[in-house]
């Protein structure tokens with residue numbers, strides 16, 4: 001039986017060509033508890049664009065990672081972005097009745113630029129932490145979270161948001177952000193289970 005929920009990270013690529021999660025991302029997913037039982041919750045242990053990659057995570061210096069993310073943000077506006085990455089995102093969404101994407105920083109912009117059809121977007125909830133994007137999704141449920149010291153996101157993305165006490169790089173270490181994600185899992189799990197039954 002298909003799990004009711006998948007949860008996955010959706011962020012830019014600090015090291016292009018690598019989809020492996022960072023140790024911090026892996027730890028964050030491990031801290032999230034399944035709300036309703038063994039079959040209700042699936043962790044996708046890859047980052048966008050979810051292409052299986054035998055190479056392990058590579059720690060990238062901050063300046064280089066920032067540059068790579070800036071390039072990825074710009075390139076996501078090209079038509080080739082949809083052709084290259086929409087199929088793997090469709091496959092990630094198809095793994096469960098509903099998908100929660102933890103969309104960090106430019107992840108919201110990348111999601112938007114895939115121009116997913118309404119039927120796919122409605123199967124997604126985006127928990128956007130420290131978002132840097134031009135707009136909200138048209139059809140996906142969206143929860144915006146910004147750190148009180150995240151001056152980058154606050155300057156570039158002005159939408160009502162839940163506030164936690166961290167900077168742009170501190171969300172995955174913030175207990176309040178973990179609670180927000182856990183609450184969304186608990187909220188979505190019963191409704192998804194009834195849909196898939």
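Key figures for this structure:
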| quantity | calculated |
| --- | --- |
| Index of the failed condition, residue 108 passing every other in (1) touching a helix residue (DSSP H, G or I) at 6+ places or on another chain (Cβ under 9 Å); (2) in a helix (DSSP H, G or I) | (1) |
| Qualifying residue in segment 45-52 (condition: in contact (Cβ under 8 Å) with a residue 24 or more places away in the chain, more than 16 Å from the chain's Cα centre (by Cα), outside any strand (DSSP E or B) and more than 19 Å from residue 170 (Cα to Cα)) | yes |
| Residue tally, condition touching a residue at least 24 places away in the same chain (Cβ under 8 Å), surrounded by fewer than 24 Cβ atoms within 10 Å (Cβ to Cβ) and not in a strand (DSSP E or B), over segment 93-105 | 4 |
| Some residue of segment 140-159 being at pLDDT 90 or above, part of a loop (DSSP other than H, G, I, E, B), closer than 17 Å to residue 99 by Cβ and within 16 Å of the chain's Cα centre (by Cα) | yes |
| Some residue of segment 173-194 being surrounded by fewer than 19 Cβ atoms within 10 Å (Cβ to Cβ) and within 29 Å of residue 81 (Cα to Cα) | no |
| Output for segment 60-92, where each listed residue is at pLDDT below 80, assigned to a loop (DSSP other than H, G, I, E, B) and more than 23 Å from residue 145 (Cα to Cα) | 60, 61 |
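The values are calculated or read from the model by the stated rules, or taken from the named source; none is laboratory data. This one's a predicted model, so the numbers in the text were calculated from it and none came from an experiment. Note that each Cβ is placed from the backbone with ideal geometry, even for glycine, and that neighbours are counted across all protein chains shown.
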